[in-house]
Amino acid sequence: MLGSALAQTESTYSQYMFNGLVINPAYAGTHQSMSLTALSRMQSIGLDGAPRTQTFSAHNALKDRKIGLGLVVMNDAIGVTNQTGAYFSYAYKIKFDNNSTLSLGLQGGGTVVDANFSELTIDQPGDPNFSEDLREFKPNFGAGAYYHTPKFYAGISMPQMLDLGDKRISQLKPFIITSGLIFRLSPVLMLKPNFLFRMVKDRVVEFNYNTNLLIHDVLWIGFSYRPNNSFNSLLEIQVTNQFRIGYAYEAGINDFRRANSGSHEFMLNYRLIFSKKGVVNPRYF
C-alpha cells in the first residue's frame, strides 16, 4: 500500500505580533532604531521528538528610513529532522501624508536540512526512502508587503516561494496575512486586537485570534485562540525603553493535549541607540 503523510515542517509562533520579521520581510526597518530579537520555543512538552525552535532577528532602517535591512537566523528541530537557515531581507518604504507607510520587502537565503532517517523504527526494513540519512542545502526566497499607521497595521507575505531538492522533506510555501489595530481605553490602558491567517496549498493551516492589553506602556497581557487547536496566554514586560522580555504558554484544546503538557515560548528584544540624541518611543506593532 502506498500513501503519504503530512507533518509540521514550518515553525509557528505565539508572539508573532512582536516579531514580525520572521514572517514578513517587509517588516525590516519599521522600528526607529536597530532592533534585535531572540526567541526560543519548546512545543508539545512531554513528547519524544517534539518541535524545538530558536530564532534570532535583527533589522534597521537606512537612508532617511526609506530602506530597511534585516537578518533572520533560525534553527528548528522536529523528531530526527533539524533545519538551520539564514535569510537576508530588504524593504523599500513609501511614506504618505497621513503618517502612514507602505513597505515592500524581499528576502533570500537558504536552509541546511539534516534528517537522520536511519534512526527511525519502520515496519518495512530496507525501505529506500529511509535507508540513508539526508543532508542538503535548500535555497529559497520570499516577498511581502506591510502597511502601518500609528494605530493600525496589515501585512501580506509569502516567506518561502520555492521547494527544491529532496522531496522527502518538503518546504511548505505559506501565504500569510496579518493585521491589527490599537485602541486607547484610558490614559493608562490600550487594547490591541490582531490576527494571523496562514494558508498552504489552498488549505487553511492556522487562524490565530489575539488580543493584548497594554498597561502604562509597560505591561502587555494577552490571550490567543487557534480554533480547534490551542489557547495561549502571553505576558510582555517593557523593562526599559530599550529592553523587552516576553513569555507565552500554549495549551492544546484538541485530543492531542492528552499526550503533552503544552508549549512554552520566551522572547527577548533589545533596541540599540547609536546617538546620544536618540529617542526610543514605545512600539505597538
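Any read-out appearing in this document is the output of simple, stated calculations on the displayed coordinates, not a laboratory observation. Nothing here was measured: the structure is a model prediction, and the numbers come from that model. So basically every Cβ, Gly included, is an ideal-geometry build from the backbone, and we count neighbours across all protein chains shown.
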message = Just to be sure I understand the model, the point goes 7 Å from the Cα along the line to the Cβ. What's the resulting L191 to V239 distance in nm?
response = 3.1 nm
ask   = What shape does the stretch 132-234 have by the C-alpha gyration tensor, where a ≥ b ≥ c are the square roots of the eigenvalues, rounded means a/c under 1.5, and otherwise prolate means a/b greater than b/c and oblate the rest?
value = prolate
ask   = Excluding the sites themselves, what is the longest stretch of the chain that contains no trypsin sites (Lys or Arg not before Pro) in a DSSP loop with at most 10 other C-beta atoms within 10 Å?
value = 64-166
key: Entries of K95/K173; K93/K201; K151/K192; K151/K201; K63/K95; K63/K93 with Cα pairs more than 21 Å apart   = K95/K173; K93/K201; K151/K201
ask   = Got a sec to turn the phi values of the stretch 197-211 into Karplus ³J(HN,Hα) couplings, 6.51 cos²θ - 1.76 cosθ + 1.60 with θ = phi - 60°, whole Hz, x for Gly and Pro?
value = 10, 10, 10, 9, 6, 6, 10, 6, 10, 7, 9, 10, 9, 9, 9
Alpha carbon Rg of the chain, scaled by the compact-globule rule 2.2 N^0.38 Å = 1.05
task = Apply the Karplus parameterisation 6.51 cos²θ - 1.76 cosθ + 1.60, with θ equal to phi minus 60°, to every residue of the stretch 223-237 and state each ³J(HN,Hα) to the nearest whole Hz, in sequence, with x for glycine and proline.
result = 9, 10, 9, 10, x, 6, 9, 7, 10, 10, 10, 10, 9, 10, 10
For L162, residues with placed amide H under 5 Å, excluding near neighbours = F141
task = Find the relative contact order for the stretch 20-199 and round it to a whole percent, using C-alpha pairs within less than 8 Å whose residues are 6+ positions apart.
result = 17 percent
ask   = What is the fewest-to-most order of I45, I176 by other Cβ atoms lying within 10 Å of their Cβ?
value = I45, I176
inquiry  = Give me Y27, Y284, Y225 sorted ascending by neighbouring Cβ count inside 10 Å, so fewest comes first.
reply    = Y225, Y284, Y27
Spin-label pair R135/A38, simplified geometry with 7 Å Cα→Cβ offset, distance in nm = 2.7 nm
remark   = Least to most buried among E136, E236, by other C-beta atoms within 10 Å and fewest first, runs E136, E236
ask   = If one computes the Cα centroid of the stretch 84-107 and of the stretch 216-232, what distance in Å separates the two points?
value = 26 Å
